[in-house]
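These notes are about the structure you will find just below.
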Amino acid sequence: VFFGMKRLRLGLILNFLMLASLAVIIPLFAQLDILSSLLLVPYGFWLLFATKLNAEICKRNPTEKKYNNAMLQDDILKLQKKAAEYAGL
């Protein structure tokens, strides 16, 4: 979602949903096997970092009318490729 579709805000929402589900899963796993729950902790830290990074990217790339700078850059790259093909390069 974040990289492929360039939907920064939707990616951030999904990150928050994954954090919420992880917060539920870790205690459930701990009831079954403590090692299983502990092995999810590094993933939780990585997910927290990714969420913070995504939030900062969203803050620096405001979305207007469902269009953001990441989408603009992607569209410019596609146009450059089409122009190069048209020019025979």
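Every read-out reported here was derived from the displayed coordinates using simple, explicitly stated rules and does not represent laboratory data. Being a predicted model, the structure only gives us computed values, none of them experimental. Backbone-built Cβ (ideal geometry, glycine too); neighbour counts: all protein chains shown.
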Note on region 5-51: alpha-carbon gyration tensor, axes a ≥ b ≥ c; rule is a/c under 1.5 for rounded, else prolate if a/b larger than b/c, else oblate; result prolate
I'm a student and want to see the number: the projected area of the Cα convex hull of region 50-89, averaged over all directions, in nm². 3.8 nm²
Positive-end extreme of charge dipole, the chain - chosen from Cys58, Leu79, Leu35 (charges on Cβ): Leu79
Based solely on C-alpha atoms, express the radius of gyration and the Dmax of the chain in angstrom. 19.0, 64
For the residue pair Leu22 and Leu39, what label-to-label distance in nm results when each label sits 7 Å from Cα along the Cα-to-beta-carbon direction? 1.6 nm
In percent, what relative contact order does the chain have, based on Cα pairs under 8 Å that are 6 or more apart in sequence? 25 percent
Could you give the length gained by full extension between Leu48 and Gln80, i.e. 0.36 nm per residue of separation minus their alpha carbon distance, to one decimal place? 7.9 nm
Spatially near lysine pairs across the chain, Cα under 21 Å, sequence gap of 8 or more or different chains: 9
Gain on full stretching of the segment that runs from Leu10 to Lys66 - 0.36 nm per residue minus C-alpha separation: 19.1 nm
